[in-house]
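Rule-based calculations on the coordinates, nothing more; no lab input. The structure presented is a predicted model; accordingly, all values stated were derived computationally and were not measured. With ideal geometry, Cβ positions are generated from the backbone for all residues, glycine too; neighbour counts draw on all protein chains shown.
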Amino acid sequence: MALGLGLGLGLGLAAWLLCMSMVMLVNVVRSLWWHPHCLQRALSMQGIHGPHPKFLIGNYMEIMKLEGLE
């Protein structure tokens, strides 16, 4: 009987960890990809165009070149 209770608790914990992992993954994708994409699209619709940002580093290299720090 105790073995069955432990198995159910383990599956519940695994399901909870899976849900939390999915929530974290969605938050990471939203903050690193979706938000910059929406911002660039909104600026483009207003006529403000610029170089396409690279994933994770954005336009950091272009900014460094413009400031002469590279």
- Message: Per DSSP helix of 4 or more residues, -39500 (n - 2.57); summed, then divided by the residues of the chain. What does that give at 222 nm, rounded to the nearest 500?
- Response: -22000 deg cm²/dmol
- Note on the structure: So, with points 7 Å from each Cα along the Cβ direction, the Ser31-Asn59 label distance in nm works out to 2.3 nm
